[in-house]
Amino acid sequence: MSTGTVVIVGGGQAAAQTAVSLRQEGYAGSIVLISDEAVPPYQRPPLSKAYLAGQLAPERLFLRPLAFYEQQKIELRLDRRVTRIDVINHQVELGDGECLGFDHLVLATGGRPRALVCPGAEHPRLHYLRNVKDVAAIQSRLKPGAHVALVGGGYIGLEIAAVTRKLELEVTVLEAAPSLLARVTCPQVAGFYQREHEAHGVNIRCGVMVTGIDGDETHPALLTGDHQRIEADFIVAGIGLLPNVELAMTAGIICDNGIVVDEECRTSVPRIYAVGDCTQHPNSVYQTRVRLESVPNAIEQGKTTAAAICGKSKPYRAVPWFWSDQYDIKLQTAGLNRGYDEVVIRGTPESRSFAAYYLQAGRLLAVDAINRPAEFTVAKSWIAEGLRIPAARLADESITVKNLAAAA
């Protein structure tokens, strides 16, 4: 069994999974998990969905109860911040000056919301959503009839839009790109979501750039590039995530849109690993390097890192996947659609149950499955196998999903 001390920096899914997997792999040494939040490691996807809506108690967010960490002898150092890594002496320094030695260090530092950069961006009624404190601040504004302006028409913004409409708020979404979800989906899927949100009463304005925030402390107003002034009771910005790499960079660890790691989550410095949203890692399915913000990525990298620390090799080679819940619509995405040259729609958006297949030179790259969980599962395996399924066959719903790949 492996011995020594593993220090894990972070309090999210990747950090918790690494700690759990270390014990499952037989690690017998000390495990210390340090988080700058005051609560045990918790899941983040519900923050913009059920938890924001008040349908989930705080303890339901926790990935494991406190008793589990005690039973597994995993030491939690909560509400503590690591300020420096000493790669020579194998120590981390905390904000109060305490130093902890490590035999292996795992960076699960996650990311932070990309901030609006414009005059008035310090307005007290401008919010971001990343942690439980952010949710608490937003929930204090969720009063029926209040007007929320959401900056950003990506998944976070649209999930917040769905929740706030259900809570009977007036909702306006401002998106700088020509359409919603422009960076991540095809026009057919983007159009479907725009129609759904508009049908639920969301006011969507695309191609609109926010240039400033005006108004008094209790009544902010967004200023736009086309000289509009949009008054609201509060604003939530969801315009992307920046990986937290500063701790790694100051320690001399190579970073490039994330902490650069190999297939076993090793960084450029021996004995130091990185997992989760903060990593830029190789993906063998697409023969490229990516940074992913998803629960499956965090879980699999945590397992891979634990195995590597225990002297086992379990390279991370998974097909990326992701999900989003809005109203009664479940989107499940498998794969990366970068570089697609053809989109095949199976089913009809009007039925609110369809799939968009992304192809590149005939090869299946990715799928967006809307209310089609079985199809998502099968397509995920096709992507892993690198199948080429003729477009006409994919579009033909008279062919069952089970038989689609028969001629591939």
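Worth pointing out:
This table checks each residue for (1) of a type in the set (Lys, Arg); (2) closer than 21 Å to Arg317 by Cα.
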residue: Leu222; (1), (2): no, no
residue: Ile235; (1), (2): no, no
residue: Gly238; (1), (2): no, no
residue: Ala251; (1), (2): no, no
residue: Arg266; (1), (2): yes, yes
residue: Asp277; (1), (2): no, yes
residue: Ser284; (1), (2): no, yes
residue: Glu293; (1), (2): no, yes
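- Odd one out for Asp256, checked against (1) in contact with a Gly (Cβ under 9 Å, 6 or more places away or on another chain); (2) closer than 24 Å to Gln301 by Cβ; (3) of a type outside the set (Gly, Ala, Ser): (1)
- Residue within segment 38-58 that is of a type outside the set (Ser, Thr, Tyr), over 30 Å from Gly238 (Cβ atoms), assigned by TED's automatic domain parsing to the domain that holds Cys265 and at pLDDT 95 or above present: no
- Restricting segment 32-50 to residues that are over 17 Å from Glu70 (Cβ atoms) and assigned to a loop (DSSP other than H, G, I, E, B), the residue that is farthest from the chain's Cα centre (by Cα): Ala38
- The test for being surrounded by fewer than 21 Cβ atoms within 10 Å (Cβ to Cβ) and within 21 Å of Ser294 (Cβ to Cβ) does not hold for Leu181.
- Matching residues in segment 155-170 - criterion: being surrounded by fewer than 19 Cβ atoms within 10 Å (Cβ to Cβ) and touching a strand residue (DSSP E or B) at 6+ places or on another chain (Cβ under 8 Å): Arg165, Glu170
- Qualifying residue in segment 48-68 (condition: touching an Asp or Glu at 6+ places or on another chain (Cβ under 8 Å) and among the acidic types (Asp, Glu)): no
- Residues that are hydroxyl-bearing (Ser, Thr, Tyr) and more than 16 Å from Ile389 (Cβ to Cβ) within segment 321-375 comprise Ser324, Tyr327, Thr333, Thr348, Ser351, Ser353, listed in sequence order.
- If you go through segment 52-62 and keep only what is in contact with a Phe, Trp or Tyr (Cβ under 6 Å, 6 or more places away or on another chain) and either exposed (fewer than 12 other Cβ atoms within 10 Å of the Cβ) or outside any strand (DSSP E or B) (or both), you end up with just Leu61.
- Among the residues of segment 229-251, just one is of a type in the set (S, T, N, Q) and either buried (at least 20 other Cβ atoms within 10 Å of the Cβ) or in contact with a helix residue (DSSP H, G or I) (Cβ under 8 Å, 6 or more places away or on another chain) (or both), namely Asn244.
- Just one of the listed residues (Val173, Val106) is in contact with a Leu (Cβ under 7 Å, 6 or more places away or on another chain) and either crowded, with 17+ Cβ neighbours inside 10 Å or part of a strand (DSSP E or B) (or both), namely Val173.
- Gly215 being modelled with pLDDT under 95 and surrounded by 14 or more Cβ atoms within 10 Å (Cβ to Cβ): yes
- Subset of segment 301-319 [crowded, with 21+ Cβ neighbours inside 10 Å and under 16 Å from the mean Cα position of the chain (by Cα)]: Gln301, Gly302
- Set Ala149, Ala162, Ala115, Ala137: member being over 30 Å from Pro349 (Cα atoms) and not in a loop (DSSP other than H, G, I, E, B): Ala137
- Only strands (runs of 3 or more DSSP E) whose full extent lies in segment 195-296 are considered here, and none of them has at least 2 residues that are in the same structural domain as Gly335 (by TED's automatic domain parsing) and farther than 30 Å from Arg141 by Cβ.
- Looking across segment 109-136, the residues that are within 30 Å of Ala19 (Cα to Cα), buried (at least 17 other Cβ atoms within 10 Å of the Cβ) and not β-branched (Val, Ile, Thr) come down to Gly110, Gly111, Pro113, Tyr128, Leu129, Arg130, Asn131, Asp134.
- Tally, over segment 121-132, of residues that are under 24 Å from the mean Cα position of the chain (by Cα) and without any contact (Cβ under 8 Å) to a residue 12 or more places away in the chain: 0
The values are calculated or read from the model by the stated rules, or taken from the named source; none is laboratory data. In this text the structure is predicted, and so the values were computed from the model without any measurement. Please note: Cβ atoms are built from the backbone with ideal geometry, for glycine as well, and neighbour counts cover all protein chains shown.
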